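Since the structure comes first, as structure tokens, the remarks are kept for the end.
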Amino acid sequence: MKNKLYYLKPCIWLIITTLFLSACEEEPTGDVDIAGAIEGQWNAEEDSEVEGTSSYTVYIDIHSDDSSSVSISNFYQLGYDSNPVIGDISGSRIELRPNQVVDYYGVSYTIESGTGTITDDYKNIDWQYKVDDGSGVIDNVTAVYTKK
């Protein structure tokens, strides 16, 4: 007659393996997965050469025409009612589409260029971008977005 542990060993290994595999979280790998990982509301801490320091919220959404791109509402604190700024994801970077115009209460702001770097845990984005409010003065901006 075999020991009771003889029959229990395969069950124990099955339980341990199942627990181990279920504990492993899949990391987003493609640009589409990253867009989904960063979707949501973010706190923005912005340092502008023209406007100074400000804090506000933005919302990042997967772009309706391209799931590897994102729409950023309230970018540069231009309001949720204005058109969003579009960024294309490539690896851990978001490249803003150049020369996007955002109308804010009759003033046209041009988001000339910009890049955001997404941290490995998808909880922060470090930004650098240039904005023209139509006056000819280019505002060089740095910002940090932190996911809520």
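The values are calculated or read from the model by the stated rules, or taken from the named source; none is laboratory data. The structure displayed is predicted, hence computed values, not measured ones. Cβ sites come from the backbone with ideal geometry, for glycine too, and all protein chains shown count toward neighbours. The area values use the complete protein model at the heavy-atom level, side chains included, leaving out ligands, DNA and RNA. Shrake-Rupley method; radii C 1.70, N 1.55, O 1.52, S 1.80 Å.
State, to one decimal in nm, how far the label point of Asp121 lies from the label point of Arg97, with both points 7 Å from Cα in the Cβ direction.
3.3
Per residue of segment 127-139, what does 6.51 cos²θ - 1.76 cosθ + 1.60 with θ = phi - 60° give for ³J(HN,Hα)? Whole Hz please, x for Gly and Pro, Karplus curve as stated.
10, 9, 8, 10, 10, 10, 8, x, 7, x, 8, 8, 8
Ignoring ligands, DNA and RNA, what accessible area per residue does segment 50-142 give at 1.4 Å, in Å²?
Numbers: 4700 Å² over 93 residues.
On a per-residue basis, segment 50-142 sits at 51 Å².
Which values of log₁₀ I(q)/I(0), to two decimal places, follow from the Debye formula for segment 47-114 at q = 0.12, 0.14, 0.15, 0.21 Å⁻¹ with a uniform point scatterer at every Cα?
Log10 of I(q)/I(0), two decimals: -0.31, -0.43, -0.49, -0.95.
Label-point separation (nm) for Tyr56 and Val107, each offset 7 Å from Cα along Cα-to-Cβ?
1.0
Sum up the charges of everything whose Cβ sits under 9 Å from the Cβ of Thr53, counting Lys and Arg as +1 and Asp and Glu as -1, but leave Thr53 out. Please report the intermediate quantities before stating the final value.
Working: positive: none; negative: Glu45, Glu46, Asp47, Glu51.
Here the count lands on -4.
When Lys and Arg each count +1 and Asp and Glu each count -1, what net charge do the other residues less than 10 Å away from Glu39, Cβ to Cβ, add up to? Please list the in-between numbers first.
On the way: positive: Lys147; negative: Asp61.
So the environment of Glu39 carries a net charge of 0.
In what sequence, highest mean first, do 99-110, 68-79 appear when ranked by Cβ atoms within 10 angstrom?
Values: 99-110: 13.2, 68-79: 21.0.
Packing proxy ranking, top to bottom: 68-79, 99-110.
Spin-label point model (7 Å from Cα, Cβ direction): what's the Glu39 to Ser82 distance in nm?
Placing both labels 7 Å along Cα→Cβ, they lie 2.5 nm apart.
Whole-Hz ³J(HN,Hα) for each residue in segment 33-46, computed from phi via Karplus 6.51 cos²θ - 1.76 cosθ + 1.60 with θ = phi - 60°, x for glycine and proline: what do you get?
Listing the rounded values in order: 5, 5, 4, x, 5, 9, 5, x, 8, 10, 8, 10, 10, 10 Hz.
Quick one: net charge of Glu112's neighbours, Cβ under 15 Å, K/R +1, D/E -1?
Values: positive: Arg97, Lys130; negative: Glu49, Glu95, Asp132, Asp133, Asp139.
Within the 15 Å Cβ shell, the charges total -3.
For segment 70-140, which whole-number percentage of the solvent-accessible area (1.4 Å probe, protein heavy atoms only) is attributable to carbon and sulfur atoms?
Using a 1.4 Å probe with all protein chains present, segment 70-140 comes out at 46 percent carbon and sulfur.
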